[in-house]
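Nothing in this text is a laboratory measurement; each read-out follows from the coordinates by a stated rule. Just so you know, these numbers come straight off a predicted model, no measurement behind them. Cβ placement follows ideal geometry from the backbone for every residue including glycine, while neighbour counts extend to all protein chains displayed.
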Amino acid sequence: MLNVALPKGRLGEKAYDIMARAGYECPSLLEPNRKLTFENPATGVRYFWAKPSDVPIYVERGVADVGIAGKDILLEYEPEVYELLDLNIGKCRMCVAGPADFRDDPSRTLRVATKFPHIAKTYYSARGREISIIKLGGSIEIAPILGLSDVIVDIVETGSTLLENDLAPLREIFPISARFIANTASYKFQYAEIRDMVEKLAKLV
Ligand code: PRP
């Protein structure tokens, strides 16, 4: 039995869909309830729903053998896991965004609001730009609107959240997609099962 961590939320449905199409269905997972774990002995998988940013923690600690996580989460937390496959789903971009007419004034420290402080620091330090980070948990777009920050570093998918808040993407930092990841020990000891899963998924991407 392989334990699989799936990200709940907007990536979750696509993540389960590709697993099911690869032959790892688990019908009980689609029932409308608040259960968090589901297993299908016939296909040898036990799924559980995790907060997207927690998926690599479960996989790194080995309570999940494998999981699906966005490249954004992997670059922010740099977990010690194997990244085995780009699933080509959940595609979006990590961007610097702000008012469309924003002009950076290099004589001032740039105030950056984000859920991704490590990514933001790495991006600006590579450019020698001094910043102060305002770490928020969500609804990042509010920060420049209310004057809490000059810009944000955040995920842009359709761009509608920015547009509806009179903001615009200013720079793309990197493209994002969901990755299939594995625990390092599981990959060694359940190699055949995990490789089989990767190969079935690879045919669909
Ligand atoms: C993410 C991100 C943006 C939005 C972008 O937030 O932080 O706010 O999606 O998507 P769009 O370009 O399609 O509008 P999420 O919905 O995950 O919620 P959050 O604000 O709680 O982070």
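Tabulated results
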| quantity | calculated |
| --- | --- |
| ASP150 long-range amide H proximity, modeled H, under 5 Å | ARG111, VAL112, ALA113 |
| Anchor LYS188: lysines whose Cα lies under 29 Å away (excluding residues fewer than 8 positions away in-chain) | LYS8, LYS14, LYS51, LYS71, LYS200, LYS203 |
| Highest to lowest packing among 183-189, 37-43, scored as the average C-beta count within 10 Å | 183-189, 37-43 |
| J(HN,Hα) series, the range 31-41, from Karplus relation 6.51 cos²θ - 1.76 cosθ + 1.60, nearest Hz, glycine and proline x | 6, x, 8, 9, 4, 10, 10, 8, 10, 9, x |
| Computed magnitude of the charge dipole of the range 1-96 (debye, nearest 20; Cβ of K, R +1, Cβ of D, E -1) | 360 |
| Shape of the range 85-196, Cα gyration tensor, a/c cut at 1.5 | prolate |
| ³J(HN,Hα) computed for each position of the range 154-160 - Karplus, 6.51 cos²θ - 1.76 cosθ + 1.60, integer Hz, glycine/proline x | 7, 7, 10, 10, 7, x, 6 |
| Dipole magnitude of the chain, debye to nearest 20 (Cβ charges: Lys/Arg +1, Asp/Glu -1, about Cα centre) | 180 |
| Relative contact order of the range 127-201, pairs being alpha-carbon contacts under 8 Å that are 6 or more residues apart, as % | 16 |
